[in-house]
Every structure is written in C-alpha cells, then in structure tokens.
1. Just want the answer: with Cβ charges of +1 for Lys and Arg and -1 for Asp and Glu, which residue in Thr19, Val136, Val330 is farthest toward the dipole's positive end in the chain?
2. Which of Ser182, His347, Gly397 sits closest to the plus end of the dipole of the chain, meaning its Cα is farthest towards the positive end, when Lys and Arg get +1 and Asp and Glu get -1 on the C-beta?
3. Can you send over the carbon and sulfur percentage of the accessible area for the chain, probe radius 1.4 Å, protein chains only?
4. Per 0.36 nm of contour for each residue apart, how much would the distance between Ala33 and His67 grow if the chain were fully extended, relative to their Cα-Cα spacing?
5. Provide, for the chain, the number of lysine pairs with alpha carbons under 28 Å apart, each pair being eight or more places apart or on different chains.
6. Can you tell me the FRET efficiency between Glu323 and Asp402 if r is taken as the Cβ-Cβ distance and R0 is 22 Å, rounded to the nearest 0.05?
7. For labels at Ile220 and Glu308 in the simple 7 Å Cα→Cβ model, what's the distance in nm?
8. In deg cm²/dmol, rounded to 500, what helix-only [θ] at 222 nm does the chain give when every DSSP H run of at least 4 residues adds -39500 (n - 2.57) and the total is split over its residues?
Amino acid sequence: MQAPAIEQHDRVVAALSPTMRWGTGPLAQIIRARGLHCVFQPLGDIRAGTVFAHEALIRGPLNTPWHRPDALLELARHEHLLQDFELVCVYTALQNWAALGAPGRLFVNISADALVRGVALCGTGMLSQTLRGFGVLPRMVVLEITEHDRVTHMGPLREAVKEVHATGMRLALDDFGDGHSSLRLWSEVKPDFVKIDKYFIHDIAEHPENLQMVRAIKGIADMFGTQLVAEGIETQDDLRALRDLDIPYGQGWLLGRPALTARQALEAPALEVMRDRRVAVLPHLTQSARPGILRGLQVVPAPTATPETPNDTVAELFMQHPELHALALVEDEHPVALINRQQFMNHYATLYFREVHGRKPCMAFANPAPRVVELDCDVDQLIGILTSQDQRYLSDGFIVTDNGRYIGLGTGDKLVRAVTEARIEAARHANPLTFLPGNIPISMHIERLLESGNGFVACYADLNHFKPFNDQYGYWRGDEMIRLVARLVVAHCDARRDFVGHVGGDDFLVLFQSSDWLQRCRSIVDEFAREARALFDDAARQAGGIHAEDRHGIVRFFPCTTLSIGAALIPPGLLRHAEEVANLAAQAKHDAKHSPCGIVVLDAARATGLQAPPPMPPRGAVPAALAA
C-alpha cells in the first residue's frame, strides 16, 4: 500500500470508535495493520450476456483463521466493532476498486445502521466529496443494504438515503426473502436493485414453488420499478429458468467466482445459456388440492341454538325457517353439535313428545360429532366428506367455520358441485392421471414460445382404436395404456428443451425445440407399438387385435392400439396465439391417424397460406458480435 493510501486508511480508523483505535482484539489489530482486502465477484446481465457490475467481498489475511468473512463478522460481534468493521469494509472495497482502475459499477455491502453512521461521519453534503477522495465516481457505486437485524428507526435511515441519492449513488437490498428483509424496507428505501436470496434460486428449475415465489417478487419489483438480481446461480438449468422469467441480472459461481481482479467476460457455461435462444421448460405445480375452495362456496348463514335450548324452541326455529335443513348448536361462537331437521321433526310429531320432551334441552336429539370444515380447507378434506361411510354428512350437511368460529352451514349438493369444479380446475393445471401439465400450462408455454421469436414443432399424439381397448379391458388397463404413452413421451424428450403436456384422455401435446424431434417421434411410436401389445391378452396378441362394438354398436375387428403423432412446424413470427398452434397440431394429428406410418408433418406456413415476417431478435437477445 502506497503512502497516500496508508495515510487515508489511518484517517478512516482515527474517525472510528476508541475500541477500534486502541483495542487489543484480533480484528482491531488486523484492521490497524491494514490486513483486510477485497475480492470481486461479477454480476451478469442475463439478457445481454455481459458483465454488468462486481460485488466487493471482504477477506482477512491469507492462511489465517480469519480469512473468511463469516469469521471476521464473528470477531466483530465479539469485540463490539460491528459498525466500525462494516465502515472499514466499505472503505477497503472502494480503495481496492480504485486501485484496480476497473470500469463498471461496484456493489458494496453495508447494514442500515452502519449506513446511517457512515453518512453522519462524512457530514451533510460531504458524502460525494468523500467518495471522490477515495478515487471512485459516486454514480458507479451501489450500496447494498444488508439486514443483520430488523431496522427499528426508519427516520434516520430515510435521511441517510436522501444523502446517498443526492450523490448519484444507487441502493440495493441484499438477500430479499431470507427472513430479515422486509417489504417495508423496500418501500422506504426505494432501492434501484433487489437481490433475491439464493434459497429461492437454488434448483429453481426443479421446484415450482420457488419459481412461483420469484414470479411474485418480480411482480413487486415491476410495481416499484426495481431491477432484480438473482443470487446463487450455480447450474445452467437455473440460469435458463431465470432468463425465461426475464430476471435482468444474476450472480453466482456459474457466472464467475470471486477474484482479486475484475472480470472482462462471464464464464463460458453461462454464456452458452445466454446465447441459446430456445425457451426453457419451467416446472409446474402438480398438486390438485386447492386451499380456500369454500371461500367460493355458498354458505348458508343459518341461525343457531345452544345445547340447553328447549326442543320447543328448536321446533319453532325450523317452522320459521322452512328452507333450513339443519341447525347448529353453538357455545361461545364454537359449534358443538348439529340437529337434522327431518329427523328432529319426525320425533317432534310423535305422540306426547311435546309434553314429555318439549321443555328439555335439545342436545339429546343432536349429532354430537358433526362434520366441521374450515374455510381454508383443501379439496382432499372435502372429498373425505363425500367418501365417508357415514352418509349423515351429506344429509345433515356440515358446519363451516372461520378460525374455529361458526359462520354458517354447507349442504351436500353444494359440496359435490364445489368439489367437482375444483377437480376440473385442477386438471386444467395438472392431469390427475399422469401429473403432466394440463391445458393452462400448455397454453402458457406456447405463448412463451411464440413470444421468443424462435421456431418450434407442435406435436399432437393420439391413440388409435383406444375406445374398443378400453371397453374390452376396462378403465384400469385403459389408464395403464395412457400412462405408458406419458412415460414414453417423457423418456424420449429433452426435459430442458421439450415441453410435454396432457390435454386429456389419450391426447398429448409435445412442444419440441430439439433439432432431432422427428427421430424422437419415430422412437415414441415404435416403442409404443411394441410395449402396448403386453396390455392385450394372448388371444388378442395372436390375432393382432380384438372384436368389439364400434361407435354404431356393430361388432367388428379392431387392430391392436397404436399411436399417431401429427407434427406442425411453427416458424417464427407466423402465428400469434396458442389456439392457432393447437388447431394446426390437431389438424396434423387428424391426418396422422390416416397415415400408414403414424406420423404426419404439416408446414404451418403452407397450411395457413401466411408468410412469416423476417425473424426479429427476441427481447434481450445476446448481440450478434457476442454470439460469434
């Protein structure tokens, strides 16, 4: 370190606490001996495939127990030097970066409390001059706020943020979603960048829940006008998913590891993904249960009674409310029993019932174990009511609660309708037989393919003579054949490139980006022809088929079930809507079912008579010079 830098370092230390200036702990001694240095990890522009910025990461003396930042932080807490340590780290980052003379932005970590203290030490209006004294342009610095603890005093932080913005520096929030970060801080600080915690990024290509969370964070970022940085990118699949989610910036070992010098380019495996214009196949949610289904179910706001209510009063309530099928008994807003109208009124109409039981408590004629359902229950819980051996739940209905408090009654017919609608809706997202994506994810992926500016192949697969097979052997073996199709199609597709969807029944849609898609289709058709014969009995295999009724009730011979695939070639820019793609694929499938080989290829441009415009580079495409 040259003399001017040494003097500058000593002035920084002199401005800090007495413990920093005179302390005997290891960290205080390391800092006074100028034993800290920084390494720099690149942040990549995922759209352009270039280095966007670097983050400064502090390191202690080499070959010592205090080289790693976590060890240094532990020392800082033990020696009560946490804020002093952070400010020294900021200075070290700026000094090291200026010494490199590297272009580009620098991200520097600092907690909210240390930021407030650092601005105060520089003095009002002096922050920009202080930075320039370190040899760094303020507009190239991004202060990355980390939250060791929740920020309790927002007022001083707001003033410090104003000072930071006045210099031209930018702000970022670090590790959003790790448990410390908060939406309030996002709203108060109004950062230019927010870093998504690596917990949500790791294996995002395999975890649909994490992908949905990142989508939600992106929605918040769009609302605030904030740019997102995905942390912890370690695999090409995760980078593909983030690229297709349109996350602008990323950081992680796949893009580049920390180094003593600034990087000029990202690592080759990351550039390979960024140059690849094919659309990633994103994971989808497969669960069929949908929490909160009862919030859309009509709940009867029925009157209630208590276990001590006389039978005469219950009878009066039923007569006053002829539409009431049951009556809930409630104590302290919590349901305890249910009285069925028909059963109770049958008892009440018997000889001498009023004289003997009229003034007695109604609890003796109630069901003490009624079915109670929370508003936020899922579909599987509701199905338990429908399939229960005790069918009183359908005749009596059930009690609906919100947080355990009574809000009304539900009836069996409304329950059946609600469960049916929930199952239909769930099947549109994921087929319950194969767990493959249903119609909604299929349409969404087609839209993504159309927007990407790339060509693809839409293949519609359908079974020939499936209905006679299903009628002959029953639904169980029919389901086995459908699952066989799903297994073979998935096995012969590239999970990163090719999207497999189950439209319903024996219909499948495959959206190929693999260049060898035709060979994959042939393999699927051939392997199905071999393996499907095992689902027929010996006599049918020897005869090559079965005798069964056709759609007109006439018995005739049907060959063993085979698979047809119609392929529609979709050039870039020709079509605009998912429905158009699906219609062309269905047309190709119709032709394939009459083809001896079982595969027909349809050129979308010829079939529609449309002419595709010249291909345009997709949004955020890597420049041609970079891809060369």
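The values are calculated or read from the model by the stated rules, or taken from the named source; none is laboratory data. Only a predicted model underlies this, so the values are computations on that prediction, with no experimental measurement involved. Note that each Cβ is placed from the backbone with ideal geometry, even for glycine, and that neighbours are counted across all protein chains shown. These area figures cover heavy atoms from the full protein model, side chains too; ligands, DNA and RNA do not enter into them. Shrake-Rupley method; radii C 1.70, N 1.55, O 1.52, S 1.80 Å.
1. Positive-end residue among those listed: Val136.
2. So the residue furthest toward the plus end is Ser182.
3. About 53 percent, which is the carbon plus sulfur part of the accessible surface.
4. The span from Ala33 to His67 would gain 10.8 nm if fully extended.
5. 9
6. About 0.45, to the nearest 0.05.
7. Here the answer is 5.0 nm between the modelled labels.
8. Calculated from helices alone, the mean residue ellipticity at 222 nm is -12500 deg cm²/dmol.
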